[in-house]
Amino acid sequence: MSTRITHLIAGDPWEGAAERTSPVFNPATGEETGALDLASADLVGEVVARAKEAWASEWGSSSLSKRTQVLFRFRELLNERKEEIAALITAEHGKVLSDAIGEVSRGLEVAEFACGIPHLLKGGYTENASTNVDVYSIRQPLGVVAVISPFNFPAMVPLWFVPVAVACGNAVVIKPSEKDPSAVNAVAALWREAGLPDGVVNVVHGDKEAVDALLVHPDVSAVSFVGSTPIARYVYETATAHGKRVQALGGAKNHMLVLPDADLDLAADAAVNAGFGSAGERCMAISALVAVEPIADDLIEKIKDRVGKLVTGDGTRGTDMGPLVTQAHRDKVAGYLDSGVEAGAELVVDGREGDVDAEDGGFFLRPTLFDKVQPGMSVYDDEIFGPVLSVVRVQSYDEGLDLINANPYGNGTAIFTNDGGAARRFQNEVEVGMVGINVPIPVPMAYYSFGGWKNSLFGDSHAHGMEGVNFYTRGKVVTSRWLDPSHGGLNLGFPQNT
Ligand code: NAD
């Protein structure tokens with residue numbers, strides 16, 4: 001049965017009739033479960049107007065204590081509904097339930113960070129910068145901001161941005177992925193329950209038409225985008241050309257460098273967890289395992305052994321790994337298995353073989369392991385975004401480092417070693433935004449900022465943490481003098497402090 005999924009505007013589901021819809025699937029069964037309304041550019045304009053009105057009439061000048069009360073309530077509601085939201089994620093994205101709960105929990109941490117907004121927005125104050133002149137700084141909201149998110153973290157990625165934007169006093173229009181739209185609706189509905197004025201948080205569903213309408217709308221002040229690199233680049237270029245502040249997080253190809261002195265059991269566990277968790281559909285997934293010889297054979301044996309124990313199947317059945325998000329994506333990823341073999345890589349584990357624990361019809365591909373992969377092969381060069389782990393053999397730390405630094409992406413990376421000096425060199429020398437040392441998925445905490453380098457980020461501002469607070473506010477510096485016996489007099493020179 002297919003249910004209608006629609007926009008959430010000023011707290012209410014949209015009641016209009018959509019000109020275009022998009023199908024939503026349960027990837028574990030292949031069943032079409034929803035028909036998503038796609039917004040026209042005109043509807044996006046209406047939503048932005050509602051958001052602007054809510055911002056201008058109330059939220060933009062709301063007190064910090066009012067904002068924190070709402071944020072604390074939102075945090076409590078999100079925590080209470082965590083499992084409900086996780087079930088929606090699994091039903092449309094396919095990731096296993098425990099992973100979906102983990103996703104919501106990481107998003108929750110950003111709401112907790114945003115609860116500290118009175119402290120985060122404190123400015124500086126300087127008494128007597130000049131005689132009887134005081135100077136202070138304040139940070140003010142931008143107005144209406146847009147959040148455009150990808151399919152792979154339907155709840156967490158919007159939560160990287162929305163609580164911080166709201167805490168800073170902005171109104172938000174979220175444009176989620178059309179592949180798994182229900183979780184974001186469920187999270188957004190909590191804001192009204194938490195006491196946020198209607199119109200401050202809105203969800204508009206859609207595709208390129210809706211995105212383009214947001215990128216050029218004169219009342220959208222800032223855009224936070226997460227998705228693939230070509231679209232991130234396009235969003236950055238288009239929205240900045242229209243005068244907006246933009247942070248656009250793009251794709252990734254994350255390498256894990258394993259030195260010969262590493263604990264190989266720990267490294268094998270990490271490679272399997274980070275390579276195949278969420279079926280490899282994580283921007284922090286490890287897809288290239290760089291083994292410094294002579295350990296590659298041993299490491300591959302250990303990984304093969306672990307992969308053999310993984311159960312792939314319906315994420316509601318306690319399996320280890322779920323399906324890919326759509327049939328088309330599943331087939332695209334499976335296509336890399338042929339192209340890898342044709343290019344000369346060795347297929348150690350073929351994900352097309354073996355059973356899955358699910359009804360027929362799901363978009364499954366089991367974990368796949370390649371050996372002897374090299375740059376120039378599409379299996380290495382492309383962001384596959386599926387359960388395909390490629391081993392690249394190198395002869396030294398330097399060769400491994402050069403390989404990572406030559407890659408156009410720079411989202412996350414990891415080193416596995418017991419040598420503190422080597423790890424310290426790596427953290428200093430690697431040109432990647434998030435680095436793990438014996439940690440395979442180095443996703444920072446909410447109070448640090450998330451983001452990569454090079455083609456993994458367009459703009460100079462990472463998500464959440466203090467960079468998020470700065471992104472969603474504008475700084476102002478005030479220089480003040482209250483009347484005193486000196487009345488200055490005329491002086492056309494540049495002000496000099498006395
Ligand atoms: P995507 O780029 O296809 O879509 C992202 C968003 O852009 C969606 O809301 C989509 O509707 C919209 N969009 C798609 N095509 C568009 C177009 N032509 N014009 C305007 N808007 C368009 O990405 P996806 O497949 O949903 O997500 C997976 C990608 O996201 C991967 O590349 C992954 O690495 C990346 N990602 C990056 C991070 C990060 O932090 N850097 C985090 C999560 C995901």
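Could you list, in sequence order, the residues of segment 350-368 that are farther than 13 Å from GLY94 by Cβ and surrounded by 21 or more Cβ atoms within 10 Å (Cβ to Cβ)?
Once the filter is applied, which keeps residues that are farther than 13 Å from GLY94 by Cβ and surrounded by 21 or more Cβ atoms within 10 Å (Cβ to Cβ), segment 350-368 yields GLY351, ARG366, PRO367, THR368.
Tell me whether segment 282-290 contains one or more residues that are more than 16 Å from the ligand (Cβ to nearest atom) and not assigned by TED's automatic domain parsing to the domain that holds PRO218.
Scanning segment 282-290, I find at least one residue that is more than 16 Å from the ligand (Cβ to nearest atom) and not assigned by TED's automatic domain parsing to the domain that holds PRO218, so the answer is yes.
Mind listing whichever residues of segment 104-137 are at pLDDT below 95 and either on the phi > 0 side of the Ramachandran plot or part of a strand (DSSP E or B) (or both)?
SER130, ASN132, VAL133, listed by residue number.
For residues in segment 224-246 being near the ligand (Cβ under 8 Å from one of its atoms) and hydroxyl-bearing (Ser, Thr, Tyr), which is nearest to MET156 (Cα to Cα)?
SER228
Going through ALA248, ALA222, ALA262, ALA232 one at a time, which residue ends up being under 20 Å from PRO440 (Cβ atoms), of a type in the set (A, V, I, L, M) and touching a Phe, Trp or Tyr at 6+ places or on another chain (Cβ under 9 Å)?
Just a single option satisfies the conditions, and that option is ALA262.
Exactly one of (1) within 18 Å of the chain's Cα centre (by Cα); (2) away from the ligand (no atom under 15 Å from the Cβ); (3) under 17 Å from GLU46 (Cα atoms) is unmet by SER221. Its number?
The failed condition is (1).
Considering only segment 369-386, how many residues are of a type in the set (A, V, I, L, M, F, W, C) and surrounded by fewer than 16 Cβ atoms within 10 Å (Cβ to Cβ)?
0
Please go through segment 402-413 and give me each residue that is more than 16 Å from the ligand (Cβ to nearest atom) and closer than 18 Å to VAL439 by Cβ, ordered by number.
Once the filter is applied, which keeps residues that are more than 16 Å from the ligand (Cβ to nearest atom) and closer than 18 Å to VAL439 by Cβ, segment 402-413 yields only ILE404.
(1) in contact with a helix residue (DSSP H, G or I) (Cβ under 6 Å, 6 or more places away or on another chain); (2) within 28 Å of ASP402 (Cβ to Cβ): which one isn't true of GLY275, the others all being true?
Checking GLY275 against (1) in contact with a helix residue (DSSP H, G or I) (Cβ under 6 Å, 6 or more places away or on another chain); (2) within 28 Å of ASP402 (Cβ to Cβ), the one that fails is (1).
With the requirement that a residue be over 18 Å from LEU120 (Cα atoms) and of a type in the set (A, V, I, L, M, F, W, C), what does segment 142-158 give you?
VAL144, VAL145, ALA146, VAL147, ILE148, PHE151, PHE153, ALA155, MET156, VAL157
Please work out if ASP381 is within 27 Å of the chain's Cα centre (by Cα) and under 17 Å from VAL96 (Cβ atoms).
Spelling it out, it is not the case that ASP381 is within 27 Å of the chain's Cα centre (by Cα) and under 17 Å from VAL96 (Cβ atoms).
What is the one condition in (1) part of a loop (DSSP other than H, G, I, E, B); (2) within 16 Å of the ligand (Cβ to nearest atom) that PRO260 does not satisfy?
Just one mismatch for PRO260, condition (2).
Restricting to segment 68-103, give me the number of residues that are under 17 Å from ALA167 (Cβ atoms) and outside any helix (DSSP H, G or I).
Going through segment 68-103 one residue at a time, the tally reaches 0.
Residues are listed down the side, and each one gets a yes or a no for (1) in contact (Cβ under 8 Å) with a residue 12 or more places away in the chain; (2) in contact with a Cys (Cβ under 9 Å, 6 or more places away or on another chain); (3) under 13 Å from ASP180 (Cα atoms); (4) not acidic (Asp, Glu):
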{"site": "TRP14", "(1), (2), (3), (4)": "yes, no, no, yes"}
{"site": "ALA17", "(1), (2), (3), (4)": "no, no, no, yes"}
{"site": "ARG20", "(1), (2), (3), (4)": "yes, no, no, yes"}
{"site": "PRO23", "(1), (2), (3), (4)": "yes, no, yes, yes"}
{"site": "ALA35", "(1), (2), (3), (4)": "yes, no, yes, yes"}
{"site": "SER40", "(1), (2), (3), (4)": "yes, no, no, yes"}
{"site": "GLU46", "(1), (2), (3), (4)": "yes, no, no, no"}
{"site": "LYS52", "(1), (2), (3), (4)": "yes, no, no, yes"}
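The values are calculated or read from the model by the stated rules, or taken from the named source; none is laboratory data. Because the structure is predicted, anything quoted here is derived from the model rather than measured. Reconstructed Cβ throughout: ideal geometry from the backbone, glycine too, with neighbour counts over all protein chains shown.
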